[in-house]
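The values are calculated or read from the model by the stated rules, or taken from the named source; none is laboratory data. These numbers come from a predicted model, not from an experiment. When we count neighbours, we look across all protein chains shown, and the Cβ atoms used for this are built from the backbone with ideal geometry, even at glycine.
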Amino acid sequence: MKYNKYISNAVPVSEIGLGAWQLGVNSGWQSMSEKDAMKLVERSLEYGINFFDTAPNYGLGTGEERLGKALKNVDRNTIVINTKFGHTDSGITNYHSNYIRESLEGSLKRLQVDYVDSLIIHNPPAQYLDGNKNDHYEILERLIEEGKIKAYGASLDTSEEMKLLMNTTNAQVIEAFFNILHQDTSQAFSMAKEKEVGIIAKIPLDSGWLSGKYTAESTFQDIRSRWSRQDIQTRATLVNRIKEITNSENNLAQTALAFCLAFDAVATVIPGNVNTAQLKSNLESINNPISEELVQELEEFYRDEVKDLNLPW
């Protein structure tokens with residue numbers, strides 16, 4: 001495992017982290033038993049993963065509860081936990097500043113910890129990103145002073161959102177939607193490096209498309225049923241082009257993760273592993289970096305063939 005700087009007062013984080021949405025009950029994709037959830041976290045630790053990303057709404061609180069149970073006997077000083085505010089454990093959204101403390105206290109209780117390393121606002125509407133117009137960030141600063149969090153930030157989908165947050169707050173963390181098919185957020189990576197903001201690359205496999213297992217004929221019954229038949233056909237065509245460019249028919253997921261890791265602004269990448277076999281396979285991306293030339297080809301592919309399509313996530 002390789003480790004990168006995340007925030008100034010936390011241990012370096014593993015390049016591959018564990019996106020823990022799948023640990024809870026009825027996560028919106030598929031359910032996992034508590035036994036399997038515990039095993040997945042245990043194997044992650046054995047492989048050197050020390051970064052864990054969760055949220056109150058993952059499994060309506062059960063994701064945090066299971067993660068907390070799995071990490072209970074681990075030295076707290078060796079792991080980094082990121083949780084969120086905005087999507088609640090009751091399945092609704094609440095971005096009001098007066099709910100931040102209540103949300104965090106609920107997360108701390110479920111995770112069985114005294115603090116989290118970072119607390120980020122979970123895909124907020126743009127109106128909440130300007131630190132000059134919201135009191136959220138004053139409250140987050142107080143939580144740092146109280147030792148309940150070490151850093152704060154937001155989970156965002158565009159470079160403009162990232163720049164607004166970094167220009168108007170003291171955010172130290174951004175969870176950015178970034179993968180081969182969604183590269184807009186990379187336009188803010190240089191600012192993140194300059195301001196020493198840790199980047200978590202989320203949805204690096206584009207909800208499974210960059211694993212290479214879906215085709216134009218694929219159908220979905222879970223949260224991915226939001227895609228229209230045209231959306232599916234478009235993505236399938238683009239994935240085939242990526243396979244041609246990368247020559248990675250059998251290891252597309254590893255190539256996709258290696259692409260994210262090729263950007264030095266990225267501290268960690270959080271693929272959603274649903275079993276230990278996927279976990280082990282995804283970790284192989286660390287040992288198979290891609291060349292600078294291939295990174296440039298994939299950037300050109302995005303600019304020329306993808307950028308203007310406005311793909312729904």
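Points to keep in mind about this one:
- In region 178-209, the residues that are buried (at least 20 other Cβ atoms within 10 Å of the Cβ), polar (S, T, N, Q) and over 21 Å from VAL274 (Cβ atoms): GLN183, THR185, SER186
- Members of region 33-57 found to be modelled with pLDDT under 95, closer than 21 Å to LYS84 by Cα and part of a loop (DSSP other than H, G, I, E, B), listed by number: ASN57
- Strands (runs of 3 or more DSSP E) wholly inside region 119-203 that include at least 3 residues being in contact with a Leu (Cβ under 8 Å, 6 or more places away or on another chain) and under 21 Å from SER107 (Cβ atoms): 149-156
- ASP308 modelled with pLDDT under 95, among the charged types (D, E, K, R), in a helix (DSSP H, G or I) and within 25 Å of MET162 (Cβ to Cβ): yes
- ALA10 being among the small types (Gly, Ala, Ser) and either more than 26 Å from ILE144 (Cα to Cα) or in a helix (DSSP H, G or I) (or both): no
- Qualifying residue in region 21-30 (condition: within 30 Å of LYS195 (Cβ to Cβ) and touching a residue at least 12 places away in the same chain (Cβ under 8 Å)): yes
- Among (1) buried (at least 16 other Cβ atoms within 10 Å of the Cβ); (2) within 19 Å of the chain's Cα centre (by Cα); (3) modelled with pLDDT of 90 or more, the one test that ASN273 misses: (3)
- Residue within region 61-69 that is hydroxyl-bearing (Ser, Thr, Tyr) and modelled with pLDDT of 95 or more present: no
- Residue in region 16-29 that is farther than 26 Å from LYS148 by Cβ and more than 18 Å from the chain's Cα centre (by Cα) present: yes
- Among the criteria (1) out of contact with any strand residue (DSSP E or B) (no Cβ under 6 Å at 6 or more places or on another chain); (2) closer than 30 Å to THR169 by Cβ, the one ALA201 does not fulfil is (1).
- Among the candidates GLU42, GLU102, GLU65, residue that is of a type outside the set (A, V, I, L, M) and without any contact (Cβ under 8 Å) to a residue 12 or more places away in the chain: GLU102
- Among the residues making up region 16-32, those that are part of a loop (DSSP other than H, G, I, E, B) and either at pLDDT below 95 or surrounded by fewer than 23 Cβ atoms within 10 Å (Cβ to Cβ) (or both) are GLY24, VAL25, ASN26, SER27, GLY28, TRP29, GLN30, SER31, MET32.
- If only residues of region 214-253 that are assigned to a helix (DSSP H, G or I) and among the β-branched types (Val, Ile, Thr) are counted, the one that is modelled with the lowest pLDDT is ILE223.
- Pairs linking a residue in region 287-302 that is β-branched (Val, Ile, Thr) to a residue that is part of a helix (DSSP H, G or I), with Cβ atoms under 7 Å and 6 or more positions apart or on different chains, are ILE290/THR255; ILE290/ALA258; ILE290/PHE259; VAL295/PHE259.
- Residue list for region 58-78, filter: assigned to a loop (DSSP other than H, G, I, E, B) and surrounded by 20 or more Cβ atoms within 10 Å (Cβ to Cβ): TYR58, GLY59, GLY61
- Scanning region 145-168 for residues that are surrounded by fewer than 22 Cβ atoms within 10 Å (Cβ to Cβ) and either more than 16 Å from VAL197 (Cα to Cα) or touching a residue at least 60 places away in the same chain (Cβ under 8 Å) (or both) yields GLU145, GLU146, GLY147, LYS148, LYS150, ASP157.
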